[in-house]
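Before anything else, here's the structure in question.
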Amino acid sequence: IEIKFNKQGTLSFISSESRDALSTIDIEVANTDQLRARGLMYRKSIPQDAGMLFVFNHEEMQGFWMKNTYIALDMLFVNAERQIVTIHMNTTPMKEWNYASTAPALYVVEVNAGYCLQNNIKEGDFIEFEY
């Protein structure tokens with residue numbers, strides 16, 4: 001069964017230097033334990049300008065893996081001030097390696113692999129979102 005992308009909101013990446021929007025994506029939101037645990041598992045693809053926003057209850061060190069995840073992703077770990085603290089680019093599908101934040105994070109954004117490079121998104125930049 002193919003899990004279809006379900007737009008629940010939008011998220012913009014904001015340059016820390018110019019404060020301009022670098023890009024905007026459609027997002028699905030994972031804000032419960034069940035939704036966060038499933039994440040983007042079992043999906044064959046997501047739209048190019050789309051991603052998943054994980055919202056946690058507490059800002060703390062976060063670790064993600066790619067078990068049962070078929071698509072390569074860029075993972076962005078974001079603190080309570082909505083600043084990107086860690087980016088793991090081009091994660092390897094189906095691996096149980098731990099991709100961890102280098103600082104406490106309250107949010108994690110997953111987008112298609114290569115998205116950060118294509119849109120010049122860097123650690124230190126910010127996110128804004130509505131859902």
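The values are calculated or read from the model by the stated rules, or taken from the named source; none is laboratory data. If you're wondering where the values come from, they're calculated on a predicted model, not measured in any experiment. Don't worry about glycine lacking a Cβ; one is built from the backbone with ideal geometry, like all the others, and counts go over all protein chains shown. Heavy atoms of the whole protein, side chains included, go into the accessibility calculation; ligands, DNA and RNA do not. Shrake-Rupley method; radii C 1.70, N 1.55, O 1.52, S 1.80 Å.
Relative contact order for the stretch 73-131: what is it in percent, counting Cα pairs under 8 Å that are at least 6 residues apart?
Taking the mean separation of contacting Cα pairs over the length of the stretch 73-131, I get 45 percent.
Under a cut-off of 25 Å between alpha-carbon atoms, report the lysines in cross-link reach of LYS67, not counting same-chain residues fewer than 8 places apart.
LYS4, LYS7, LYS44, LYS95
Another question, then. Report, in whole Å, the centroid distance computed from the Cα atoms of the stretch 1-50 and the stretch 100-120.
First find each Cα centre; the distance between them is then 11 Å.
Then there is this: Tell me which of HIS58, ALA80, ILE14 sits at the most positive position along the dipole axis of the chain, charges placed on C-beta atoms (Lys, Arg +1; Asp, Glu -1).
Result: HIS58, furthest along the dipole toward the positive end.
Quantify, in whole percent, the carbon and sulfur part of the accessible surface of the chain (1.4 Å probe; protein heavy atoms only).
47 percent
Continuing with the same structure: Among 50-60, 27-37, 88-98, how do they line up by average Cβ neighbours within 10 Å per residue, starting with the highest?
Packing order, densest peptide first, comes out as 50-60, 27-37, 88-98.
To continue, here is another question. Dipole of the chain, Cα-centred, from +1 at each Lys and Arg C-beta and -1 at each Asp and Glu C-beta, to the nearest 20 debye?
Its charge dipole is roughly 500 debye.
Another question, if that's okay. If amide hydrogens are placed 1.01 Å from N in the peptide plane, which non-local residues have theirs closer than 5 Å to the one on GLN62?
Here the answer is SER101, ALA105, since their amide H atoms fall under 5 Å of that of GLN62.
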